[in-house]
Amino acid sequence: MDRLDDSAKLMIVSDLDLTMVDHDDDDNTSLLKFNALWEAYYRRNSLLVFSTGRSPTSYRKLRRERPLLTPDLTIMSVGTEIAYGDLMVSDEEWERFLNWKWNRDVVVEETLRFPELKPQSETEQRPFKVSFFIEKDKGPQVADALSDCLEKRGLDVKVIYSSGIALDILPKRAGKGEALAYLLKKFKADGKVPANVLVCGDSGNDTELFSVPNVYGVMVSNAQEELLQWYAENAKDNPKITHAAERCAGGIIEAIGRFQLGPNLSPRDIDFKGCCCCKVETTDPYFEVVKFYVLYERWRRGEVEKSEVYLEHLKSIFHAEGIVVDTSRNERSREELVDGMRGLYGDMKGTRFRSWVDGLSSSEIGSDSWLLRFNKWESYSSSSSLSSSANRFMGSSTTILMNLQRKGSEDGLIWMHVHHTCLDGSHSHPESQHQSSCFV
């Protein structure tokens, strides 16, 4: 909550499964496009919130399998748990607020009357959430009957049926929409109300997000029937809610452009063929870092031309006396860096190798100098399996010193120093125990 000194330019609140994450795309194409867009243009002055039905355990599992960015806030367990930052510090005030007219033991007792309900795994049962699977044709009827039973027992609850198979019982005060309204109220108290809020979802447990006043909303193209039905009955005349033509994270990017909330051309959509990347000049250090690692990935995957023009470009943006310190504490000069990159061309061709940055921040340490910090990630397929769960992730905490060099009528950013430190398991994104010597 305190990362930004001022109000966020944009606050994106997104569901995960089949909204931010496309489980039908093991290459994570649209997710990686969103990641690059966010880090290049939005991380510096905006907030990213994940709002998921997953429990903390299930959420962490997803992060071990997919290249998710680190959000500023995480709303979990269908809006019953709120956590802050990469350390996921719990909001205890929210938990106290939810305890009104809630008795978990009574909820469990009453659900035993409905044999149609099949309990979800123990990890998905939370202090303020009781979760079941149910057949699609029985969900709405059981939800209504169960609500009546719990009301007669003196509880004030909500029963949410979503995805055609899931049924969750929560305190009346809980839910994705209630959690978002609570956060916006806290921002208002601090004088930091976001300039724009975009909510993103695909299923029934996301309907509350679209009901929060004054937000923009996008239902991704693959949205499920129950969300589309809710939209038709409640929000079809709301010009701030759209049904995207693109799936999952692609639909989120589409909505950013449709509502004119900011840039929506991802650095991953730049055509690097023919090494025209060398012509993409910028004096924005955020964009420079993201663009560099996108091109680094494509060089190693053999997706760009093997050209000395690229290596000359690399040499031109790196200071003659600059040093790269890798995770094994080896130091490389500019010449060693260029020679090493030449040898890496296409070494990951035909694989699912990916490279991305997360948590990019910048401190201006002089009129023309910046110190950039971020986590750099690489993913590799650890087996012949086509499943994304077979990937392993290797990460480094990376610091770059970058200067603006004035060249007559043209300005350019020069990389002065790069330092990688291997992430350990205590603060990491998934699978950081796999160490690698980050080359650049």
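Here are a few things to note about the model shown:
- Here the Gaussian network model covers the chain, with springs between Cα atoms less than 10 Å apart; of S363, S46, S58, S363 fluctuates the most.
- Diffusion constant of the stretch 278-349 at 37 °C, which comes from Stokes-Einstein with the Kirkwood Cα-pair radius and 0.692 mPa s, µm²/s: 252
- Calculated [222 nm] ellipticity per residue, helices only, for the chain: -8500 deg cm²/dmol; basis is -39500 (n - 2.57) per DSSP H run with n ≥ 4, divided by all residues, nearest 500.
- Remark: relative contact order (the stretch 296-382) = 29 percent; criterion is Cα-Cα distance under 8 angstrom and separation of 6 or more residues.
- Semi-axes of the equivalent ellipsoid for the stretch 285-422, Cα gyration tensor, largest first, Å: 27, 18, 14
- In the context of the full set of protein chains, residues of the stretch 1-108 present 36 Å² of accessible surface per residue (probe radius 1.4 Å, heavy atoms only).
- Short to long, the 5 Å bins of the Cα pair-distance histogram for the stretch 26-129 hold 2, 10, 17, 19, 17, 13, 9, 6, 4, 2, 0 percent of all pairs.
- For the stretch 161-265, diffusion coefficient by Stokes-Einstein and Kirkwood Rh (Cα), 20 °C, 1.002 mPa s, µm²/s: 148
- When each of the peptides 332-339, 284-291, 234-241 is scored by the mean number of other C-beta atoms lying within 10 Å of its residues, the order from highest to lowest reads 284-291, 332-339, 234-241.
- Think of the stretch 285-422 as a dipole: +1 on every Lys or Arg Cβ, -1 on every Asp or Glu Cβ, centred on the Cα centre; then among T399, G359, V338, G359 lies furthest on the positive end.
- The portion of the accessible surface of the chain made up by carbon and sulfur, rounded to a whole percent, is 46 (1.4 Å probe; DNA, RNA and ligands excluded).
- P(r) weight above 22 Å for the stretch 101-171, C-alpha pairs, percent: 10
- Viscosity 0.692 mPa s, 37 °C: Kirkwood-radius Stokes-Einstein D of the chain over Cα pairs, µm²/s: 141
- Separation of the alpha carbons by more than 25 angstrom is noted, of K33/K61; K129/K152; K9/K236; K61/K138; K101/K240, for K9/K236; K61/K138; K101/K240.
- Charging the Cβ of each Asp and Glu at -1 and of each Lys and Arg at +1, and nothing else, the dipole of the chain about its Cα centre rounds to 200 debye.
- Distance between the pseudo-spin-label points of W100 and S361 (7 Å out from Cα toward the beta carbon): 3.5 nm.
The values are calculated or read from the model by the stated rules, or taken from the named source; none is laboratory data. Since this is a predicted model, take the numbers as computed values, not measurements. Every residue, glycine among them, receives a Cβ derived from its backbone with ideal geometry; neighbour counts consider all protein chains shown. Keep in mind that these areas ignore ligands, DNA and RNA; they rest on the heavy atoms of the full protein, side chains included. Shrake-Rupley method; radii C 1.70, N 1.55, O 1.52, S 1.80 Å.
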